[in-house]
Every structure is written in C-alpha cells, then in structure tokens.
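The values are calculated or read from the model by the stated rules, or taken from the named source; none is laboratory data. All values derive from a computational prediction rather than experimental measurement. Note that we place each Cβ from the backbone using ideal geometry, even for glycine, and neighbour counts take in every protein chain shown. Only protein heavy atoms, including side chains, enter the accessible area calculation; ligands, DNA and RNA are left aside. Shrake-Rupley method; radii C 1.70, N 1.55, O 1.52, S 1.80 Å.
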Amino acid sequence: MVSIPFIKMVGAGNDFIVIDPHPRLDYVKFTKNICSRHTGVGADGVLVLEKSKTSDYRMRIINADGSEAEMCGNGARCMAVHISSHLNPGKPLFGIETLAGEILAESQGEVARVRLSSPKEYMPRLNITVANQKLEVHHIDTGVPHSVVFVDGLQEVDVNSLGRLIRNHPRFLPRGTNVDFVERAREGMVAVRTYERGVEAETLACGTGAVASAIVAYLYAHPNVKEQKAASMKVLTASKEILEISFDLHKDLKIDNVWLKGTAKVIAKGEYFYV
C-alpha cells in the first residue's frame with residue numbers, strides 16, 4: 001500500500017485530483033480508482049504537475065476512465081490557482097505545457113484566467129444522423145475536439161444518451177468528440193450542457209466546451225463579422241457558474257488569443273491509500 005498525497009479542486013463544477021508525479025505509479029489504474037464516486041475520492045479526472053523542459057510547468061490530464069486528454073480548460077484554471085498558491089511562480093503570468101501546446105495562466109485568489117491554444121479544425125454545419133434523427137453540428141478543436149449542437153429546451157435534452165451517440169459517431173472517429181448542447185440565454189450569453197469524452201457522462205462544466213460553445217455561438221450570431229478584437233461571450237454552465245470567454249477573430253475565420261476565466265477552489269486535501 002502506498003500513500004499518495006492529493007488536493008481536490010473544483011472549477012465551475014468540474015472536480016479534479018491534483019498530485020505530484022510518482023514514477024512507479026500506474027496512472028490509469030490510480031485514476032480509475034481515485035475518481036470513483038463510490039469507492040474513491042470522486043472526480044472528473046487527475047491533474048499531474050510535472051517539470052517542463054519547454055515551459056514553466058507541465059500538466060498531465062488523465063480522465064476518469066484512465067485515458068489521457070490533450071487539454072482541459074477548467075483543469076488548467078485549477079492548476080493555475082494551485083501553482084500560484086503553493087509554488088510561488090515569481091511572475092503573474094506563467095506557462096504550462098500540455099499535450100495541446102503551451103498555455104498561459106494567471107490567478108488572483110480563487111479566480112483564474114488561462115490563454116488556451118488557438119482553435120483549429122472549425123467545421124460548421126455538419127449534417128449527421130443519430131438514432132434516425134438528422135442533426136446539424138458545428139465541430140471545433142479547442143485543445144480537444146468538440147461538437148456543438150444548438151437546441152431549444154436545454155433542460156429537456158437527454159445529454160447522456162444523445163451525447164454518447166454523437167461522441168461515438170463514425171464522423172468523428174478515431175478520436176471521438178466531446179458534445180456541447182447550447183441554448184441562447186440572453187444577449188452575449190449561452191447556456192451549455194456538455195457530455196465529456198473520457199468521463200463518458202455529462203459533467204457540471206467543461207472549460208474547453210465552454211470555449212467551443214462561445215466561439216461557435218458568436219460566429220453563428222455574427223455571420224458578417226470578419227475581424228474582431230476581444231470578442232466576448234459568457235457561458236452559463238450546468239453548475240450555474242458563469243465562465244467568461246474572449247478571443248480575437250481574424251480574416252478567414254482564424255481565431256487566437258483565447259482566454260477562459262472563472263473560479264477554481266481547493267475543497268479538500270488528504271492521502272489516498274493506493275494498493
């Protein structure tokens with residue numbers, strides 16, 4: 001039996017276990033065990049803080065099912081608060097290496113802001129058939145792949161059933177896709193419910209999903225805008241926390257300087273006894 005110190009954090013409803021690296025740890029088995037809601041601590045995933053050769057820090061993201069994710073927006077915000085609180089980075093803005101590239105992060109207290117890698121592979125208005133139902137989805141990679149589906153009556157959507165079918169649709173193989181169901185809440189704000197790949201269920205929030213939803217919703221609402229600095233949208237998550245997203249839009253639908261802002265809090269510290 002090995003004792004693994006951990007910190008549990010939550011960002012807009014997404015919860016994570018933060019640990020230091022352990023060279024002989026079977027991360028897949030460990031993550032599945034500790035993330036179990038009934039027999040473990042319970043979490044959407046594990047964040048491992050490592051040293052980086054190319055940035056200030058390196059973050060590994062392991063989903064609850066043991067798969068490794070390229071990026072996690074809310075996880076990055078949690079890691080930003082963790083680094084600022086415990087490691088004294090020595091500068092307000094610091095870099096974190098991820099599989100999706102380097103991101104920048106800063107935090108003040110329990111509010112963190114991260115600049116994500118530039119979105120890619122934007123494919124609007126894809127037509128797919130799911131359970132004999134034709135759907136229009138908007139696909140974009142915001143560090144991980146997302147498919148945005150606009151709906152009326154967001155609270156009535158069966159996110160787990162429909163999300164699972166879209167997540168595994170042949171159109172998005174081999175990587176699969178996260179699925180964001182989006183409804184306009186008011187001017188400049190959308191409400192979002194997300195089925196997360198790797199958790200394989202709906203989560204209370206998804207940072208990269210909030211970014212994907214905000215970008216697609218902005219482009220959908222402003223079809224004639226070709227260039228815009230600091231375009232912004234707010235996203236109401238299933239946890240009822242509002243995330244703030246901003247980005248720069250350039251010609252030919254190039255998008256960069258993407259920022260995600262919201263709270264990230266430590267809710268528990270302890271030791272996990274790993275066999």
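Structure above, values below:
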{"read-out": "Range in the chain, longest, excluding exposed trypsin sites (Lys or Arg not before Pro) [loop by DSSP; at most 16 other beta-carbon atoms within 10 Å]", "value": "54-174"}
{"read-out": "Prolate/oblate/rounded call for the stretch 1-152, Cα gyration tensor, a/c under 1.5 rounded", "value": "oblate"}
{"read-out": "Carbon plus sulfur fraction of accessible area for the stretch 109-169, probe 1.4 Å, in percent", "value": "44"}
{"read-out": "With every protein chain in place, the stretch 197-275: carbon and sulfur % of accessible area (1.4 Å)", "value": "52"}
{"read-out": "Helix axis angle, 73-86 relative to the chain longest principal axis, alpha carbon, degrees", "value": "30"}
{"read-out": "As computed over the chain, the Cα convex hull volume per residue (Å³)", "value": "132"}
{"read-out": "Percent accessible area from carbon and sulfur atoms, the stretch 1-70, protein chains only, probe 1.4 Å", "value": "51"}
{"read-out": "GluC sites (Glu not before Pro) within the stretch 121-194, DSSP loop, no more than 12 other Cβ atoms inside 10 Å", "value": "E187"}
{"read-out": "Heavy-atom surface of the chain, accessible at 1.4 Å and reported per residue (Å²)", "value": "46"}
{"read-out": "HN-Hα J in Hz across the stretch 107-115 - Karplus 6.51, -1.76, 1.60, θ = phi - 60°, x for Gly and Pro", "value": "8, 10, x, 9, 10, 10, 10, 10, 9"}
{"read-out": "For S52, residues with placed amide H under 5 Å, excluding near neighbours", "value": "R58"}
{"read-out": "Surface accessible to a 1.4 Å probe, T203 within the full protein complex, Å²", "value": "10"}
{"read-out": "Per DSSP, loop GluC sites (Glu not before Pro) in the stretch 193-275 with at most 12 further Cβ within 10 Å", "value": "E227"}
